[in-house]
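Novice: Have a look at this one.
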Amino acid sequence: MSQKRSSKSKSSKKAFWKLTLLVGALLIVVAGIGTYYYDQGVRKQNIAYEKQVNEAKEAKDKAYNSRKTSDINEAKKLIVKLHEKDKSSLNQSITQLMGYLADIDKVSQLVAKEHQNITEDTIKEAEQGLELLNASYEKTDKEKFAQQIAADKQVLVERQKEAERIADEKNKLANQKLIALTFDDGPNPTTTPQLLKTLSAAKVPATFFALGKEAQQYPDIIKEESDLGNEVASHTWDHKDLVTLSPAQQKQEIESANQLINKITGKNVTLFRPPYGSYNNSVLCQTDLTAVNWSVDTNDWRYRTSAPVVQNVATYAHDGAIILMHDIHQWSVDAVPQIIQNLKAQGYTFVTVSTLLDIRNGGAKAQQVYFGR
């Protein structure tokens, strides 16, 4: 009996330990599974957070590249969701960007102000502003602003030289009788070269108001006109009556010829003559050019001989006059030698329209019209 109890007790203990080992094993398995899923959860959280960090960094980089306020604000929204360590460094980067942009904007305004009103003082102020831009991020902007300032310095130098030239001309031409010959509608491949030889031989400068379509066809003649010391300006592209056109058409007619002629000559002439002398306020306001009409009309287009052209100039010429002729008519070109001889005999000095306006009007003003005297 005693042996049976002992055997039963041993069997119970053995079962107990088996159960204990099984439970322990189960607990270990459960703990392992729990740890696995916990680790997986942490890993997913870390991956998600790393994604947030990368998105914030990409947004920061985008803001640096675009400089748009909307992109800066978007970067801030993403950065604020990050842990303090990452948030701090990225916020510092955004703050630095905003500082760069504030300095760049300040210098941009100084350079724009200087460009609008080029003086020694505004140039000096803009150059001092450049000293704000020392970071590598600002290098390209600094170089761009420096180039603009350098170009404006050259403009100032040229303006000073021009002012000195005008002052010298005023002194030289003071108390002299001045007159300006002008020729419209060319160039003509036959008559204009003949006229240029006459003007060059007589050492007389003139102002040519050329049509854009003719300048396009005969650019070499336009270049020769300018190279010989004459002034070449726009007479519009193809001689339309400007007051009958829309504002956009007016602008196109005037500027297309002006730009082509200046490109050919390498000069920056800012005069134009409206066809038929026809203009209104809209015509004058379409560009920053100056309109030039005339005070003596030879009416050369009415004739077929030079005598009446010579006579009209002799009758109506006066100090400060702008004389209208056309270099496309043979009889007009034939009249020029006698006209020059007669006017020189009367003590006239021949000048271009720009020189006449410089001496008598203090220079040509944009969006104004001049007739001479």
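Novice: Test of understanding: among A291, A314, A307, which residue is among the hydrophobic types (A, V, I, L, M, F, W, C) and within 13 Å of I179 (Cβ to Cβ)?
Specialist: Working: A291 fails: within 13 Å of I179 (Cβ to Cβ); A307 fails: within 13 Å of I179 (Cβ to Cβ).
Exactly one residue qualifies, and that residue is A314.
Novice: Is it the case that some residue within the stretch 218-225 is of a type in the set (A, V, I, L, M), part of a helix (DSSP H, G or I), modelled with pLDDT of 95 or more and open to solvent by 10 Å² or more (accessible area, probe 1.4 Å)?
Specialist: yes
Novice: Yes or no: the stretch 151-159 includes at least one residue that is open to solvent by less than 70 Å² (accessible area, probe 1.4 Å), among the small types (G, A, S) and at pLDDT 95 or above.
Specialist: In the first step, residues of the stretch 151-159 are kept if they are open to solvent by less than 70 Å² (accessible area, probe 1.4 Å); the result is 151-152, 155-157.
Those still in the list that are among the small types (G, A, S) too: 151.
The next check asks that each one be at pLDDT 95 or above; those that pass are 151.
Yes - at least one qualifying residue is present in the stretch 151-159.
Novice: Additional query: Just the residues that are aliphatic (A, V, I, L, M) and at pLDDT 70 or above, please, taken from the stretch 27-67.
Specialist: Once the filter is applied, which keeps residues that are aliphatic (A, V, I, L, M) and at pLDDT 70 or above, the stretch 27-67 yields V42, I47, A48, V53, A56, A59, A63.
Novice: What number of residues within the stretch 290-311 are open to solvent by 20 Å² or more (accessible area, probe 1.4 Å) and either in contact (Cβ under 8 Å) with a residue 60 or more places away in the chain or not small (G, A, S) (or both)?
Specialist: Counting residues in the stretch 290-311 that are open to solvent by 20 Å² or more (accessible area, probe 1.4 Å) and either in contact (Cβ under 8 Å) with a residue 60 or more places away in the chain or not small (G, A, S) (or both) gives 12.
Novice: Can you tell which of S332, S354 is open to solvent by 20 Å² or more (accessible area, probe 1.4 Å) and not charged (D, E, K, R)?
Specialist: Working: S332 fails: open to solvent by 20 Å² or more (accessible area, probe 1.4 Å).
None of the others qualify; the one that does is S354.
Novice: Out of the residues in the stretch 320-373 meeting the condition of being within 40 Å of the chain's Cα centre (by Cα) and among the charged types (D, E, K, R), tell me which one is nearest to K203 (Cα to Cα).
Specialist: D327
The values are calculated or read from the model by the stated rules, or taken from the named source; none is laboratory data. These numbers were taken from a predicted model, which means no experiment stands behind them. In this analysis, Cβ positions are derived from the backbone assuming ideal geometry, glycine residues included, and neighbour counts consider all displayed protein chains. What goes into the accessible areas is simple: the full protein's heavy atoms, side chains included, and nothing from ligands, DNA or RNA. Shrake-Rupley method; radii C 1.70, N 1.55, O 1.52, S 1.80 Å.
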